[in-house]
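K.L.:
Right, I'll just put the structure down here and ask away after.
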Amino acid sequence: YGILVDPGMGFSQTLSSISHLPLWPDSMGDAFGGSFGTIAYLFCVNFLTFPIMNSMENPKEDYNTSVTMAVSGVWLVNVLFAIVCLAFYGAETQDLVLQNLENGVYLVLLKVLLCVDLIFTFPVVFSSGRQILENAILGGVDRNGNENVAGNENDIATNQEEEGESTSLTLALSRGAITTTAVGTCYGLSQIGGFGVVANLIGGVAQGTLAFIVPPAIAITLKRRENKGRLDVAHELPQWLIAIFGGAVVSSVTYFTFSEAMN
């Protein structure tokens, strides 16, 4: 479309136009806050670790290789796509490049393909988030409505019989409320602004926290427990630096997103 229709200058001539664009953005702070969240959204897939491992036959052997190849492939495709889009549309390139296209058959087809992609990808991400919320809110309750506690098997069986269908109904209503709230939250976030703004906010806050703040906190806690509370500066300093970087990511992305939404 870009080669033949808009701008229609041909591939080589279009790529040469990149040399006339400025190398650095006007504001590094705005550029970081407005883009790093999207990068985290694509590549910080910590919350999908367990679903990915569960889908593998030999996760211990295949996980590292599979994730490395997937991340490398996605990185390469996105870099090439960004270069091509920047060559076509320059500084006018939108967060969602579909907004650069004129109304017509091409735009309709691309939107349909985007919807098909979201039909298959959004449920995977949403399911992981829903499971995290259920475990956090409902606590140690399994999918059959049973509490995961140790005890006499006869006592547990008796309690289950006494509770009967009431527990299952309550649990189903609780899960339905959690799912409904999560769907409503997703819909509310979609009203903030464009696709790029939402992806940047979710990636920067949610994935940024899971990738750069939670792992160092876990590592520091486990190390102090191992050392019986003794401070290990050599081990903790890199973890603290990563956590501080994560805090900078979350705060800058949040500020940029809401300031852009206000404008």
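The values are calculated or read from the model by the stated rules, or taken from the named source; none is laboratory data. Computed from a predicted structure; not experimentally measured. Glycine gets a Cβ as well: all are built from the backbone with ideal geometry, and neighbour counts include every protein chain shown. For accessibility, only protein heavy atoms count, side chains too; no ligands or nucleic acids. Shrake-Rupley method; radii C 1.70, N 1.55, O 1.52, S 1.80 Å.
K.L.:
Quote the accessible area belonging to T185 in square angstrom, nearest 10, computed with a 1.4 Å probe and with ligands, DNA and RNA left uncounted.
P.N.:
80 Å²
K.L.:
Would you kindly find the accessible area of V112, with a 1.4 Å probe and non-protein molecules such as ligands, DNA and RNA excluded, rounding to the nearest 10 Å²?
P.N.:
Roughly 80 Å² of V112 is accessible to a 1.4 Å probe.
K.L.:
How would E102, E134, E57 line up by accessible area, probe 1.4 Å, largest first?
P.N.:
E57, E102, E134
K.L.:
Something else about it: Can you tell me which of 48-55, 71-78 comes out highest on packing, and rank the rest after it, using the mean Cβ neighbours within 10 Å?
P.N.:
48-55, 71-78
K.L.:
Give me the number: length gained by fully extending S190 to V214, i.e. 0.36 nm times residue separation minus the C-alpha to C-alpha distance, one decimal in nm.
P.N.:
6.1 nm
K.L.:
Please give the per residue accessible area of region 18-73, computed with a probe of 1.4 Å over protein heavy atoms only, in Å².
P.N.:
Each residue of region 18-73 exposes 73 Å² on average to a 1.4 Å probe.
K.L.:
Sticking with this one: Run down the lysines and flag those whose C-alpha is under 25 Å from the C-alpha of K60, throwing out any fewer than 8 positions away in its chain.
P.N.:
K223
K.L.:
While we're looking at this one, here's another question. Multiply the residue gap between A136 and E57 by 0.36 nm, knock off their C-alpha separation, and tell me the result in nm, one decimal place.
P.N.:
The span from A136 to E57 would gain 25.6 nm if fully extended.
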